[in-house]
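What follows is a single structure, written as structure tokens, with notes after it.
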Amino acid sequence: MNKICLVATYRELVELAEELKTELDLPIDIVQGDLEAGTRLAVKAEKAGAKIIISRGGTASMIRQHVSIPVVEIRVTGNDVFRAICPVSGPERVLGILGYRNAVMGCRSAAQILGLSIHEIILVMEEGKTDWDGVRLRVKQLIEEQGVNTFIGDTSVVTHLNFPELDVRLITSGRESVMPAVEEALNILAVQEEEQKTTQRFQAILNFVHDGIVATDENGNITVLNPAAEKTFHVSEAHALGRPIASVIPDTRIDEVLHSGKAEIGQLQTIRDGHILTNRIPINVDGSVKGVVATFQEVTQIQDAERTIRQKLYGKGFVTKYTFDDILTADSRMQQLIEVAKNYALTAATVLIEGESGVGKELFAQGIHVHSLNARGPFVAVNCAALPPELLESELFGYVEGAFTGAKKSGKIGLFELAHTGTIFLDEIGDMDKRLQARLLRVLEERRVMRLGSDSLIPVKLRVIAATNIDLRKQVSLGHFRNDLYYRLNGLNLAIIPLRSRPEDIPLLAESFFQSFSREHGRKIKALPPEIVSLLGEYHWPGNVRELKNIIERIVILAAKDEIHLPTVRMMVDELRCAPGEGARPSEESELLSGTLHDIKGRIIRRVLREEGWNKSRAARRLDIDRMTVNRFGDE
């Protein structure tokens, strides 16, 4: 069906409209019906999809009361009236005009030009009906008292004036009357379609924008509620539109903005599920407030976006590599420890992981993160013993521009902020400077950080996992570690069992490392020979899993022609056998002191590292040298 429907009130108008439609290729449908019949046809056309109705006279007025779409009237023109009056303008004619006001006004003007006297009856429609009995009584009076013998008017004249003595003439509409109505309808349709496009674009924005949007009119009644707002406030658009904002969404302050006319930007609003950040803007028209638009975002969405921006800006890629499934063990105590760690993961409490160097503390930390409610957030690991206190402080807390000499102009975000909504892993926490321990304690208690050089606190939501390879209780008793921080960190405790105490794990781990390094280095050895595995089981592994992993890689690399020789491996293990407290044999002493000073330094540092379980911080303290020197010689 076309979007324009012309309801013609008489047959000749149908024929004229059909001619114009064919001649001008007009996008209109044409039906015939007068008054009630025409109104029924118009209502039917609207239901079928018509957007505009064209009709004339009383029929157009009646249709307008029964449809919600525009109704364009074919107006009576002077030419129409002259065509009706001229043939009946002789001296023997006494004219009457019967019709609705627009038709009567046109006839009155034409009669004045022709110098004719004309008797008028203006039809009135009340509640969609006309009192035709009263009209016929009035016509009869004009016939009897004024001698009226000719009536002209619209289709109602022909339909309702059944007086034999009357000459009844219909005022018909010509091309010059119909075409303006058709052109007006086409213009309205074009405007409607353009408005529809604008509305659809606006609706698409409302539907797909992530921000919630609510708008009201000047009375505080809701006029717009987009899907994001429906989801946030748990209310449907159909239920909300037209209702007062206060009865649908409490505590919006939109009514206050309506009265004050002042915008409220960045306001925190409490809702059932948490908090939203709201902007409320008055709609001012000619100095008068005609409504309010409120936009808002859920605080959690802002935090997620902030986290994403932080990670992208600083490109750290704070992600985990391991899960609990990567912890290989055949030891029942270790398996039970993994289950305990999984239960810890489901809480938000701080976890302290204790264990010797190389035992796999970070594996447990990563497993806890992946298994926790913070799994979608970043995992930020920092070694507290690897950096001098001043540098560690700036890394953890960040700094603002001008905080110290050499600070970046843009400042720097700290690791606590980067770990927001995730987990921060503080490895070797026992080596942290006591001044930094105080700052860490404040973060744990308040969940807020302050950058160096700043006076403002930044809220952070994160999980803290700490790890140590030294006895923190002993450090507390010696005054090297804060007592209050120790108890804050030790809310949940995991003590990782050293490798020497779970000998059944040595073959399992050795074979796993062996297969991995064989693939990495292109070796074709199917498995470790049993005698090699047995030899490895005899060593006490002070460096734990890390030390075992290192020697397996050496075994794979030194395998000649894809064969592993037992003497070679035995020599490697013998090199490791230098337990703390054992004196060096004369041959070892001479070997220790042979070569250059650089060689001697390296051998001494590596020996102390072995004796300290490959703990570089303890080795550095024992030798009274800096950790960087230990790193340099220990890796040679």
> So how many residues does region 472-496 have that are in contact (Cβ under 8 Å) with a residue 60 or more places away in the chain and more than 17 Å from Ile368 (Cβ to Cβ)?
Replying inline: 2
>> Tally up the residues in region 445-456 that are surrounded by 14 or more Cβ atoms within 10 Å (Cβ to Cβ), assigned to a loop (DSSP other than H, G, I, E, B) and not polar (S, T, N, Q), please.
In response: 4
> Within the set of pairs 6+ apart or on separate chains, which have a first residue in region 78-97 that is assigned by TED's automatic domain parsing to the domain that holds Leu137 and on the phi < 0 side of the Ramachandran plot, a second that is aromatic (Phe, Trp, Tyr) and surrounded by 17 or more Cβ atoms within 10 Å (Cβ to Cβ), and C-beta atoms under 9 Å apart?
Replying inline: Leu95/Phe151; Gly96/Phe151; Ile97/Phe151
> Where in region 1-112 are the helices (runs of 4 or more DSSP H), entirely inside, with at least 2 residues that are among the hydrophobic types (A, V, I, L, M, F, W, C) and under 20 Å from Leu189 (Cα atoms)?
Replying inline: 11-24, 36-48, 57-64
> Out of (1) touching a helix residue (DSSP H, G or I) at 6+ places or on another chain (Cβ under 6 Å); (2) modelled with pLDDT under 85; (3) surrounded by fewer than 18 Cβ atoms within 10 Å (Cβ to Cβ); (4) under 23 Å from Leu415 (Cα atoms), the odd one out for Lys312 is which?
Replying inline: (1)
> Considering only residues of region 421-438 that are outside any loop (DSSP other than H, G, I, E, B) and either without any contact (Cβ under 8 Å) to a residue 12 or more places away in the chain or more than 40 Å from the chain's Cα centre (by Cα) (or both), which is farthest from Arg618 (Cα to Cα)?
Replying inline: Arg435
> What pairs come up if the first residue lies in region 107-120 and is within 14 Å of Phe151 (Cβ to Cβ) and modelled with pLDDT of 70 or more, the second is part of a strand (DSSP E or B) and hydroxyl-bearing (Ser, Thr, Tyr), and their beta carbons are under 7 Å apart, counting only those six or more places apart or on different chains?
Replying inline: none
>> Would you confirm whether or not region 520-539 contains a residue that is out of contact with any helix residue (DSSP H, G or I) (no Cβ under 8 Å at 6 or more places or on another chain), in the same structural domain as Arg607 (by TED's automatic domain parsing) and within 27 Å of Ala341 (Cα to Cα)?
In response: no
> Is there any pair linking a residue in region 268-292 that is in the same structural domain as Asn219 (by TED's automatic domain parsing) and on the phi > 0 side of the Ramachandran plot to one that is in a strand (DSSP E or B) and at pLDDT 85 or above, with Cβ under 8 Å and at least six apart or on different chains, and which?
Replying inline: Gly291/Ala215; Gly291/Thr216; Gly291/Asp217; Gly291/Thr223; Gly291/Pro282; Gly291/Ile283
> Which of the following residues is touching a helix residue (DSSP H, G or I) at 6+ places or on another chain (Cβ under 9 Å), under 30 Å from Ile4 (Cβ atoms) and in the same structural domain as Glu46 (by TED's automatic domain parsing): Ser109, Ser68?
Replying inline: Ser68
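Listed here are the residues, each with its yes/no results for (1) at pLDDT 90 or above; (2) surrounded by fewer than 18 Cβ atoms within 10 Å (Cβ to Cβ); (3) not basic (Lys, Arg).
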residue: Arg376; (1), (2), (3): no, yes, no
residue: Pro389; (1), (2), (3): no, yes, yes
residue: Gly402; (1), (2), (3): no, yes, yes
residue: Val443; (1), (2), (3): yes, no, yes
> When you scan region 1-23, how many residues do you find that are surrounded by fewer than 20 Cβ atoms within 10 Å (Cβ to Cβ) and without any contact (Cβ under 8 Å) to a residue 60 or more places away in the chain?
Replying inline: 10
>> What's the number of the only condition in (1) out of contact with any helix residue (DSSP H, G or I) (no Cβ under 8 Å at 6 or more places or on another chain); (2) surrounded by fewer than 12 Cβ atoms within 10 Å (Cβ to Cβ); (3) closer than 25 Å to Leu24 by Cβ that Gln200 fails to meet?
In response: (3)
>> Taking the conditions exactly as written (under 22 Å from Leu363 (Cα atoms), in contact with a Leu (Cβ under 8 Å, 6 or more places away or on another chain) and among the β-branched types (Val, Ile, Thr)), does Ile496 satisfy them or not?
In response: yes
> Which members of region 497-523 meet the condition of being among the β-branched types (Val, Ile, Thr) and without any contact (Cβ under 8 Å) to a residue 60 or more places away in the chain?
Replying inline: Ile506
>> Residue pairs, Cβ under 9 Å, 6 or more apart or interchain, first in region 233-253 and closer than 15 Å to Ala294 by Cβ and free of Cβ contacts under 8 Å to residues at least 12 places away in the same chain, second among the hydrophobic types (A, V, I, L, M, F, W, C) and surrounded by 14 or more Cβ atoms within 10 Å (Cβ to Cβ). List them.
In response: Pro250/Ile271
> Which one of these is surrounded by fewer than 22 Cβ atoms within 10 Å (Cβ to Cβ), closer than 30 Å to Ile625 by Cβ and at pLDDT 90 or above: Val340, Val382, Val370?
Replying inline: Val382
> Any chance region 457-470 includes a residue that's touching a helix residue (DSSP H, G or I) at 6+ places or on another chain (Cβ under 8 Å), exposed (fewer than 13 other Cβ atoms within 10 Å of the Cβ) and assigned by TED's automatic domain parsing to the domain that holds Gly414?
Replying inline: no
> Within the group Ile555, Ile564, Ile600, which residue is more than 18 Å from Pro498 (Cα to Cα), at pLDDT below 80 and surrounded by 13 or more Cβ atoms within 10 Å (Cβ to Cβ)?
Replying inline: Ile600
> Within region 143-166, which residues are touching a strand residue (DSSP E or B) at 6+ places or on another chain (Cβ under 8 Å) and either modelled with pLDDT under 80 or assigned to a loop (DSSP other than H, G, I, E, B) (or both)?
Replying inline: Val148, Asn149, Gly153, Asp154, Thr155, Ser156, Val157, Val158, Leu161, Leu166
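The values are calculated or read from the model by the stated rules, or taken from the named source; none is laboratory data. Fair warning: this is a prediction, and the values are worked out from it, not measured in the lab. As a convention, Cβ positions derive from the backbone with ideal geometry for all residues, glycine included, and neighbour counts pool all protein chains shown.
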